[in-house]
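Novice: Dumping the structure here so I can ask a few things about it.
The values are calculated or read from the model by the stated rules, or taken from the named source; none is laboratory data. Owing to the predicted nature of the structure, the values given are computational and were not obtained by experimental measurement. Note that we place each Cβ from the backbone using ideal geometry, even for glycine, and neighbour counts take in every protein chain shown.
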Amino acid sequence: MDRKEVITRLIATEPQIRALGVDALYLYGSYASDSARSDSDIDVLVDFGPESGKGLTAFMMPYQLLEDQFPGVEISYGTRESISPAYRASVEQSAIRVF
């Protein structure tokens, strides 16, 4: 799997993920830089909108959709706030906005 395929599959989840309150989804890490190996995880960053639900269930529902889209592939999933401040600027600079 390469960057193009990952982005295509992420775009396919857009209607469902947006319906769960996600305003934007970004790809970063090895797939964004097109340097992924067969054992690489898919690094995804999401921005939730102000109308999204709160709590663990609301946070995890988009993650579950992503797991279903990429069976057998580890998904690293979080928000900007969940990224360590030491790495946040680097992640934001290298991230590709998928939707």
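Novice: Residue by residue through the stretch 47-65, note down the ones that are more than 15 Å from the chain's Cα centre (by Cα) and free of Cβ contacts under 8 Å to residues at least 12 places away in the same chain.
Specialist: Listed by number, the residues that qualify are Pro50, Lys54, Gly55, Leu56, Thr57.
Novice: When you look at Arg18, is it of a type in the set (Lys, Arg), surrounded by fewer than 17 Cβ atoms within 10 Å (Cβ to Cβ) and within 24 Å of Gln93 (Cβ to Cβ), yes or no?
Specialist: Numbers: of a type in the set (Lys, Arg): yes; surrounded by fewer than 17 Cβ atoms within 10 Å (Cβ to Cβ): yes; within 24 Å of Gln93 (Cβ to Cβ): no.
Spelling it out, it is not the case that Arg18 is of a type in the set (Lys, Arg), surrounded by fewer than 17 Cβ atoms within 10 Å (Cβ to Cβ) and within 24 Å of Gln93 (Cβ to Cβ).
Novice: A further question on this structure: Would you confirm, using the coordinates I've provided, whether Ser76 is of a type in the set (S, T, N, Q) and in contact with an Asp or Glu (Cβ under 6 Å, 6 or more places away or on another chain)? Reasoning before the result, please.
Specialist: Working: of a type in the set (S, T, N, Q): yes; in contact with an Asp or Glu (Cβ under 6 Å, 6 or more places away or on another chain): yes.
For Ser76, the condition - of a type in the set (S, T, N, Q) and in contact with an Asp or Glu (Cβ under 6 Å, 6 or more places away or on another chain) - is met.
Novice: Could you grab me the full set of residues in the stretch 21-31 that are within 19 Å of Ser94 (Cβ to Cβ) and among the hydrophobic types (A, V, I, L, M, F, W, C)?
Specialist: Within the stretch 21-31, Ala24, Leu25, Leu27 qualify.
Novice: Considering the stretch 1-40 alone, what residues qualify as being within 19 Å of Thr79 (Cα to Cα) and of a type in the set (Ser, Thr, Tyr)?
Specialist: Once the filter is applied, which keeps residues that are within 19 Å of Thr79 (Cα to Cα) and of a type in the set (Ser, Thr, Tyr), the stretch 1-40 yields Thr13, Tyr26, Tyr28, Ser30, Tyr31.
Novice: Check Ser38, Ser76 and return the single one that is more than 18 Å from Arg18 (Cα to Cα) and part of a loop (DSSP other than H, G, I, E, B). Quick ask: steps written out before the conclusion?
Specialist: Numbers: Ser76 fails: part of a loop (DSSP other than H, G, I, E, B).
Unique residue meeting the criteria: Ser38.
Novice: Shifting gears a bit: Report every pair of residues separated by at least 6 positions or lying on different chains whose Cβ atoms are under 6 Å apart, first residue within the stretch 66-85 and under 16 Å from Leu56 (Cβ atoms) and among the acidic types (Asp, Glu), second at pLDDT 95 or above and surrounded by 12 or more Cβ atoms within 10 Å (Cβ to Cβ).
Specialist: From residues that are under 16 Å from Leu56 (Cβ atoms) and among the acidic types (Asp, Glu), the pairs are Glu67/Ile75.
Novice: Restricting the search to the stretch 41-57, which residues are within 20 Å of Glu74 (Cα to Cα), surrounded by 16 or more Cβ atoms within 10 Å (Cβ to Cβ) and not acidic (Asp, Glu)?
Specialist: The answer is Ile42, Val44, Leu45, Val46.
Novice: When you go through Ile83, Ile96 one by one, which is the residue that is surrounded by 14 or more Cβ atoms within 10 Å (Cβ to Cβ) and under 15 Å from Val6 (Cβ atoms)?
Specialist: Working: Ile83 fails: under 15 Å from Val6 (Cβ atoms).
After ruling out the rest, the residue left standing is Ile96.
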